[in-house]
Each structure stands twice: as C-alpha cells, then as structure tokens.
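Asks: First the structure, which I've put down as structure tokens, then a few questions once you've had a look.
The values are calculated or read from the model by the stated rules, or taken from the named source; none is laboratory data. If you're wondering where the values come from, they're calculated on a predicted model, not measured in any experiment. For neighbour counting, all protein chains shown are included, and Cβ atoms are generated from backbone atoms with ideal geometry for every residue, glycine included.
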Amino acid sequence: MKEIYPAFYKDFKCIANRCEDSCCKDWDIDVDSETEKFYNTVQGALGDKIRSLTVTDEYGERVFRSTDGRCPFWNQDMLCDIYIGIGEEHLSRTCANFPRVKVDYVDFRENILSFACPEAARLMLKADNAYADFGGDDELSVSEDSEDFMSFLLKARSRTAKILSDKTQPFAYRLADCLEFNAQVQSLLDGAEPQPLDLDGTEYEGLDFIFEMHDCFEIMSEKWRKALAEVRKKQNELKIRADFDRDFEKFAQYYVYRYYLEAVNSGDVLYSIKRIVCAFVVTGLMDALFAKQDYPLPRMRILQRYSKEVEHSYDNTEMLNAEFDKDERFSAENLIVILESLVQRP
Ligand code: SF4
C-alpha cells in the first residue's frame, strides 16, 4: 500500500510534560484488546491499578476513564506511570500513536498529525504546501467504477485545496467559493446537472444558530464553555482579523486532507466543507475577542482546542452532520451569505 505523509510529519516529537494541553487531559483513553491482554499479566500494585481502572464505556470500548479531567495514570509530574512502570512498548495503541492518524483508502494510506496536539498544531501552522497533491487538474466526471470514484474525489479535493490557498482573496470568500464549487461537485455525485447557486433569495439572518449548536455539544473544558458563551454574546461586535486568514488556512487544509475523502462512504462532499465553515466562524470570532483581551489563550490554542473539543468528538461530529442534513440554515447558500457578511462587517 502506498504510504503518503505531509512534509512536517517526520519533524513531530512529543514534548511530554512540557505540553500545555496534554492528550492525557480531558479524554478517556482507549485500551485495545492486545494491550489489555498484556495488562492482565502485569504483577504488583501497577497491574492491580490498571485492571481496576479499565472499564467499558457507552460505546462498548475498553477505556481508562478520565478522572477530574486527567488520565488516572498521568502523575503529578505530568508523566505517565505506565510508561515509567512497564515501558513505552506497553502503552495502548491510542497513547503510542497519538497524534499520528492513519487513514486507509484501499490503495493508499494517508498519514497525518492531529491538530488536537499543540506540538503538532505548531508544526502545521509553520508549514507551507505540506500535503501531497495527487489529484491532478483533469476535468471532473463521475463513474460508477469505485477506482474512478476515488480519482474523481481526489481531483475535487485537489481543487478544493487550491481554492482555499488562493491568497488573493479574504479567507471567507475562498470558503464561499469552496461551498459553491462543492455544491457543483455534489450535483455531479447526485447525478444532477450542476447549476450555479441562486443567492438572490437568501437574506442574511444572523449566525447565532452556529453558536447555538456548539452550545449543545459535549464540552470537556469549562474554560472553553465560558469562552464560547462570551463570543456568542459579543458576536455582532466582532470582526475576524485579516491575519487570522493565514493561520486558519492551515487548519482548513488539515480538515480537507483529514475529512474530504470520507465522501467515499458518505457520498457527501459538503459535510467536510460545512464543518470548516462552522470552525471558521467560531474560532475566527473567538480570535477577534481574544485579540482585544491580549490573547488569554494564543491563537494556536484556539484552533487546537477547537480540534480537541469538536473535531475529536464522535458525538459532536455526528450532531454537526445531522444538523447539516435537516436544518436549512446550514444550506450552502445561507453559509455563503454568512461568510460574505463577515468580510463586509465595518
Ligand atoms: S498532546 Fe502531543 S505533545 Fe502533548 S503530550 Fe500528547 S502527544 Fe505529546
């Protein structure tokens, strides 16, 4: 299988106890069956503690439950007792791999880093043109053949990534172009004739529904909940800063490479783009608020925390996609009008 890596991948190194938002914080930790089998043989107090703290979660997975926002094996020196006690080779797959993510697509595998890791986020924000583009520039045409379907999606993803990196326009306009382009792609996938979107009948009716939805999400950090509430309250006074575009472009490229090809199963290319729009609105306005407050949380942390709170939650992602399906306010037309209004704010 062909393995594909972004340019920054090899530069990643975990910074362990110097990490400002460790992966040992807030999350339950998956314990895969092979690792659990080994843990069942560990003697002494550590073995007993591991066994007593391995439980089955609501999805039927075996996990170490986060207690007071911490993995129970993350000690006061912010180091891992399992790593210290029985060695790195006996960490569960989740712990050993994070933030490395492998996504398999039959003929090839894409290896990326998760934005939820602060050190990986720093690398991604520094990198330019880091993702391999193998979509080509040919015309898009859909075929029933699954190999051709993947090559169609790769071309569409490549065009999407190019639109997002067109620095001649504010990022909100690039995102609006992306919605328009992918609405056409979606028409092709649905077997319909692609038509330009008709925006004439769409009035700007506010963007509070995006915050309302984020309020309903499962939220791990109280600080994040408070920040969201404050941005929601002040949303109409805030304007996304021009220099936010540079950093958000990297975040958006990450999303595109991580999620666009999910359409191979869902048949929907707009899910991933609409998720980027939601992330842009929430993090862009939070960045604008924090800029006025001298950044209580740096911009990298706003994007990283969004990834940790929203992107990495299966339930939150499901809720987003379900709302995209049933709430007309998430139509491509309405989101374009919202994006344009953000640029036009005085
Ligand atoms: S979040 Fe990243 S840098 Fe921080 S402890 Fe986990 S892997 Fe290491």
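Asks: Would you call L228 closer than 21 Å to P298 by Cβ, touching a His at 6+ places or on another chain (Cβ under 8 Å) and among the aliphatic types (A, V, I, L, M)?
Replies: Spelling it out, L228 is indeed closer than 21 Å to P298 by Cβ, touching a His at 6+ places or on another chain (Cβ under 8 Å) and among the aliphatic types (A, V, I, L, M).
Asks: Another question about this same structure. Given (1) of a type in the set (D, E, K, R); (2) in contact with a helix residue (DSSP H, G or I) (Cβ under 7 Å, 6 or more places away or on another chain); (3) modelled with pLDDT of 95 or more, where does D138 come up short, assuming only one miss?
Replies: Against the list (1) of a type in the set (D, E, K, R); (2) in contact with a helix residue (DSSP H, G or I) (Cβ under 7 Å, 6 or more places away or on another chain); (3) modelled with pLDDT of 95 or more, D138 comes up short only on (3).
Asks: Quickly run through the stretch 8-25 and pick out the residues that are surrounded by fewer than 20 Cβ atoms within 10 Å (Cβ to Cβ) and within 13 Å of the ligand (Cβ to nearest atom).
Replies: Hits for the stretch 8-25 are D11, F12, K13, C14, I15, A16, N17, R18, C19, E20, D21, K25.
Asks: Turning to a different aspect of this structure: Here's a check for you: in the stretch 116-135, which residue that is more than 16 Å from the ligand (Cβ to nearest atom) and out of contact with any Lys or Arg (no Cβ under 6 Å at 6 or more places or on another chain) is modelled with the lowest pLDDT?
Replies: F134
Asks: Which condition does G47 not pass, out of (1) surrounded by 13 or more Cβ atoms within 10 Å (Cβ to Cβ); (2) under 23 Å from the mean Cα position of the chain (by Cα); (3) without any contact (Cβ under 8 Å) to a residue 12 or more places away in the chain, if it passes all the others?
Replies: Among (1) surrounded by 13 or more Cβ atoms within 10 Å (Cβ to Cβ); (2) under 23 Å from the mean Cα position of the chain (by Cα); (3) without any contact (Cβ under 8 Å) to a residue 12 or more places away in the chain, G47 violates only (2).
Asks: Which condition number does E218 fail, the rest of (1) farther than 14 Å from L342 by Cβ; (2) at pLDDT 95 or above; (3) under 21 Å from the mean Cα position of the chain (by Cα) being met?
Replies: Exception for E218: condition (2).
Asks: With V31, V55 as the choices, which residue is more than 28 Å from A130 (Cα to Cα), buried (at least 16 other Cβ atoms within 10 Å of the Cβ) and away from the ligand (no atom under 12 Å from the Cβ)?
Replies: Answer to the selection: V31.
Asks: With the condition being farther than 21 Å from F8 by Cα and touching a His at 6+ places or on another chain (Cβ under 7 Å), I'd like the helices (runs of 4 or more DSSP H) fully within the stretch 67-167 carrying at least 3 qualifying residues.
Replies: none
Asks: Right, here's the next one. Suppose the filter is touching a residue at least 40 places away in the same chain (Cβ under 8 Å), under 30 Å from F152 (Cα atoms) and either of a type outside the set (S, T, N, Q) or in a loop (DSSP other than H, G, I, E, B) (or both); does V42 pass it? Give the derivation first.
Replies: Numbers: touching a residue at least 40 places away in the same chain (Cβ under 8 Å): yes; under 30 Å from F152 (Cα atoms): no; either of a type outside the set (S, T, N, Q) or in a loop (DSSP other than H, G, I, E, B) (or both): yes.
It is false that V42 is touching a residue at least 40 places away in the same chain (Cβ under 8 Å), under 30 Å from F152 (Cα atoms) and either of a type outside the set (S, T, N, Q) or in a loop (DSSP other than H, G, I, E, B) (or both).
Asks: Next question, about the same structure. Before we move on, is E88 within 13 Å of the ligand (Cβ to nearest atom), acidic (D, E) and in contact (Cβ under 8 Å) with a residue 40 or more places away in the chain?
Replies: Criteria not met by E88.
Asks: Follow-up question, since we're still on this one. How about the stretch 274-312: which of its residues are under 17 Å from Y255 (Cβ atoms) and not in a helix (DSSP H, G or I)?
Replies: H312
Asks: Now for a different question. Return the total of residues in the stretch 58-104 being hydroxyl-bearing (S, T, Y) and surrounded by 14 or more Cβ atoms within 10 Å (Cβ to Cβ). First the steps, then the outcome.
Replies: Going residue by residue through the stretch 58-104, those that are hydroxyl-bearing (S, T, Y) are 59, 66-67, 83, 92, 94.
Cutting the leftovers down to surrounded by 14 or more Cβ atoms within 10 Å (Cβ to Cβ) gives us 66, 83, 92, 94.
The total comes to 4.
Asks: Just to be sure I understand the filter: pairs with C-beta atoms under 6 Å, separated by 6 or more residues or on different chains, first member in the stretch 10-35 and at pLDDT 95 or above, second member among the small types (G, A, S) and within 8 Å of the ligand (Cβ to nearest atom). Which pairs pass?
Replies: F12/A120
Asks: Only one of F244, F251, F280 is closer than 22 Å to K326 by Cα and modelled with pLDDT of 95 or more; which?
Replies: Being closer than 22 Å to K326 by Cα and modelled with pLDDT of 95 or more holds for just one of F244, F251, F280, which is F280.
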